[in-house]
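Okay, structure first, notes after.
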Amino acid sequence: MKITRRLFVTTFITINFIVIYSQCCSQTTSSLGNWEAMYLRAKISPKWSLMGEGHIRSSSYSMNYDYFEVKAGIAYSFSNKLTALFGTGYYNTDLPGGFLKTPVLQKEFRTWLELSCKQVYKRLNINQRVRIEQRFIGVNYKNRFKYLFGLTVPVNQHELLKKSLYLAVNDEIWLPQYGMFMEKNRFFAGAGYIMNDNIACQIGCVSDTDYKPGSHTIKNYIQIALIYDLSKLIKKHS
């Protein structure tokens, strides 16, 4: 337990240092963007589960979307704390206001392997995730490493159950195979509500810090997300 607490404190301090340093050394874009997301989860056996995600994004707070991504994956749980996942996704970036129009700025197909570790300390739910991505951008191929550290705390209950209001914060760093040490730092802070065993909703702010030689830029988004757990529906019809 002492080792776990020391690891948590060390990681938490490191992430906060990265966030503060990024804010101090960067330029913030003036416009606030909007980001809508949907997360699907389904347990198909005691050990195996499926996931799916859809994201749509606008650089300005409007309906003029310029980015979308869709993902799917299959996960295996070694225990209730440790899970491995293989995922794949398609990522499309358009010109501002040119959603689904040509020319497209970038199309990317991606696969990844990840390992997630979840821990609970009193009300504090701790999530750590390591992800290794294989990126196919046109004729180019790149590898990338990601590390995410997240905290979720229920407000009105001692555990994350239905009717729970919770606060959430997470930070993810992106490390490219070549070039600069860090490509991006993505920080999220928000709140959510678990409506029932199947549906939860979440709203918060995402702050993206992009690192380029000689400069850092920050782009902020308001994110609204719906989270669906289809496990009971699949079990009912199986």
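How big is the equivalent ellipsoid of the chain along its three axes, where each semi-axis is √(5λ) from the Cα gyration tensor, reported in whole Å from largest to smallest?
Working: eigenvalues 158, 105, 76 Å².
Semi-axis lengths for the chain are 28, 23, 20 Å.
Around Ala84, with a cut-off of 14 angstrom between Cβ atoms, what is the net charge of the other residues, counting Lys and Arg +1 and Asp and Glu -1?
Numbers: positive: Lys47, Lys81, Lys118, Arg129, Arg131; negative: Glu114.
Net of charged neighbours comes to +4.
For segment 65-97, the residues whose backbone nitrogen is under 13 Å from a point 7 Å from the Cα of Gln134, taken along Cα to Cβ, are 86-89. Note on segment 125-223: Cα-Cα pairs beyond 16 Å make up 67% of the total pair count. What lysines sit close enough to Lys212 to cross-link, taking a C-alpha to C-alpha distance under 22 Å and skipping anything fewer than 8 places away on the same chain? The qualifying lysines are Lys107, Lys142, Lys146, Lys184. Near Leu230, once Lys and Arg are set to +1 and Asp and Glu to -1 for all other residues with Cβ below 12 Å from its Cβ, the sum equals +3. Between the residues Tyr211, Gln177, Gly192, the greatest Cα displacement towards the positive end of the dipole of segment 2-236, with unit charges on the Cβ of Lys, Arg, Asp and Glu, is found for Gly192. Helix content alone sets the calculated 222 nm mean residue ellipticity of the chain: runs of n ≥ 4 DSSP H residues at -39500 (n - 2.57) each, divided across all residues, give -4000 deg cm²/dmol.
Among Tyr39, Tyr61, Tyr166, Tyr121, a tally of other beta-carbon atoms within 10 Å of each Cβ gives an order, fewest to most, of Tyr121, Tyr61, Tyr39, Tyr166.
Put a plus charge on the Cβ of each Lys and Arg, a minus charge on the Cβ of each Asp and Glu, and nothing anywhere else: the dipole of the chain about its Cα centre is then about 900 debye.
What FRET efficiency do you get for Asn127 and Ile218 if R0 is 30 Å and r is their Cβ-Cβ distance, rounded to the nearest 0.05? Intermediate values should be presented prior to the final figure.
Values: r = 24 Å, r/R0 = 0.80.
Efficiency at R0 = 30 Å is approximately 0.80.
Net charge of the neighbourhood of Arg41, taken over other residues with C-beta under 14 Å away and scored Lys/Arg +1, Asp/Glu -1, is +2.
The listed peptides 131-142, 182-193, ordered by packing as a protection proxy, come out as 182-193, 131-142 (highest mean of other Cβ atoms within 10 Å first).
Taking other C-beta atoms within 10 Å as the exposure proxy, Ser231, Ser31, Ser45, Ser207 rank Ser45, Ser31, Ser231, Ser207 from fewest upward. With Cα atoms defining each centre, segment 93-113 and segment 62-90 are spaced 18 Å apart in the structure.
Values quoted throughout were computed directly from the atomic coordinates according to the rules given, and no laboratory measurement underlies them. No experiment lies behind these values; they were computed from the predicted model shown. Cβ atoms come from the backbone with ideal geometry, glycine included; neighbour counts cover every protein chain shown.
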